[in-house]
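Chemist: There's a structure below that I have some questions on.
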Amino acid sequence: MSAESDAAYTRGVPVLMYHAVDRDPAPATLGLSVTPEAFAAQMAVVAERGFTPLTTAALAATWRTGLPLPARPLLITFDDGYEGVHRHALPVLARHSFASTVFVSTGWLRGKHDEGGALDTMLDWEQVRELAEAGTEIGGHSHTHPQLDQIDARRLRFETLRCREIVGEELGSAPASFAYPYGYSSRRVRRTVREAGFTQALAVGNALACRCQGPYALERVTVRRSTDIEEFTRLVEGRAIGRNFAADRAMTKGYALVRRARGATRGHWI
């Protein structure tokens, strides 16, 4: 194992969380979107700094087996399944030969499984297949994007199993990786995701991912509309993350207490 690879086991790996890539996204997705120009500039930084993007499954498998990581590992992930990922992000990723993971909410995608409720224009299944054929890992993000820690056991099983079933039906192989909608999970949610057949899952946390977090609670850092190139460079370098996301972390801790009390009242927080 190289010294740099060994350091990634202990220091952590930046896992970038994107949503929409669009110049003019819907208001509901604006804050968590990036423009195509910003995304291209950010990927240029990833290339210039010598990072090696991996899929979520590849990172988890490497940590599971103890094999060495490549130099400067990094993950590029997209949540929900917005159409701009295919239109704008895929050409940039292909130009750099970068791996990525797209976590899709199957009931939001355009096509026969559409349940409504999507926040913006979503991918259709032909575009999802083109992403997969280009080497993008397609992961699960539930069926209808609920707050998984706040729903009952029956619906929780449906949301995870139905998502995995549909992706498997459409792509020919079931997804191995999952991302929690809104980043919310609990022991009950993580156990259900594992029982559905997913072998790793991503949260948010706004911290570097590390092996000690376990395969079902790997953390990510959020890339927003407001993330300028200097802040982005600090994120991928793992510098000042605590300071950049101090407000997010404080809010998350406070809200976790509220969510725990709410779930306990409903009888399904375990």
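Where a number appears in this text, it was derived from the coordinates with a stated rule and is not lab data. All values reported here derive from a predicted model rather than from experimental measurement. Note that each Cβ is placed from the backbone with ideal geometry, even for glycine, and that neighbours are counted across all protein chains shown.
Chemist: If you average the alpha carbon positions of region 31-88 and of region 189-208, how far apart do those two centres end up, in angstrom?
Modeler: Each part's Cα centre sits 18 Å from the other's.
Chemist: Kindly write out, for region 150-166 in residue order, the coupling ³J(HN,Hα) from the Karplus curve 6.51 cos²θ - 1.76 cosθ + 1.60 (θ = phi - 60°), rounded to whole Hz, with x marking Gly and Pro.
Modeler: Couplings: 10, 10, 6, 4, 5, 5, 4, 4, 4, 4, 7, 5, 5, 4, 5, 4, 5 Hz.
Chemist: If we sort 148-157, 199-208, 34-43 on the protection proxy, mean other Cβ atoms within 10 Å, highest first, what's the order?
Modeler: In decreasing order of mean packing, 148-157, 199-208, 34-43 become 199-208, 34-43, 148-157.
Chemist: Averaged over all directions, how much area does the convex hull of the C-alpha atoms of region 3-239 cover when projected, in nm²?
Modeler: Values: hull surface 46.7 nm².
Taking a quarter of the hull surface, the average projection is 11.7 nm².
Chemist: Here's something else I'd like to know. Quick check: from the Cα gyration tensor, does region 79-215 come out rounded (a/c under 1.5), prolate or oblate? Before the final figure, lay out the partial values.
Modeler: On the way: a/c = 1.72, a/b = 1.25, b/c = 1.37.
Cα axes put region 79-215 in the oblate bin.
Chemist: Once the Cβ-Cβ distance between residue 182 and residue 126 is put in as r, and R0 is 25 Å, what FRET efficiency do you end up with, to the nearest 0.05?
Modeler: Values: r = 28 Å, r/R0 = 1.11.
Computed FRET efficiency for residue 182 and residue 126 comes out at 0.35.
Chemist: Name the residues whose placed amide hydrogens come within less than 5 Å of the amide hydrogen of residue 204, ignoring near sequence neighbours (fewer than 5 apart) on the same chain.
Modeler: Here 220 satisfy the definition.
Chemist: Among 167-179, 94-106, how do they line up from the highest to the lowest mean number of other beta-carbon atoms within 10 Å?
Modeler: Highest-to-lowest ranking by the protection proxy: 94-106, 167-179.
Chemist: Once you have a ≥ b ≥ c as the square roots of the Cα gyration tensor eigenvalues for region 36-138, tell me rounded if a/c is under 1.5, and otherwise prolate or oblate according to whether a/b is larger than b/c. Display every interim value, and only then the final one.
Modeler: Working: a/c = 2.52, a/b = 1.51, b/c = 1.67.
Verdict is oblate for region 36-138.
Chemist: Next question, about the same structure. Sort 18-25, 139-146 by the packing proxy (mean of other Cβ within 10 Å over each peptide's residues), most packed first.
Modeler: Going from most to least packed, we get 139-146, 18-25.
Chemist: Evaluate the charge dipole of the chain about its Cα centre and quote only its size in Debye, nearest 20, assuming +1 on the Cβ of each Lys and Arg and -1 on the Cβ of each Asp and Glu.
Modeler: The dipole of the chain has a size of about 1340 debye.
Chemist: Per residue of the chain, what 222 nm ellipticity follows from adding -39500 (n - 2.57) for every DSSP H run with n ≥ 4, rounded to the nearest 500? Write out the running numbers ahead of the final one.
Modeler: Details: 10 runs with 110 residues, N = 270.
Helix-only estimate at 222 nm: -12500 deg cm²/dmol.
Chemist: From the residues 19, 223, 161, which one has its Cα farthest along the dipole of the chain in the positive direction, the dipole being from +1 and -1 charges on Cβ of Lys/Arg and Asp/Glu about the Cα centre?
Modeler: Farthest along the dipole direction, towards plus: 161.
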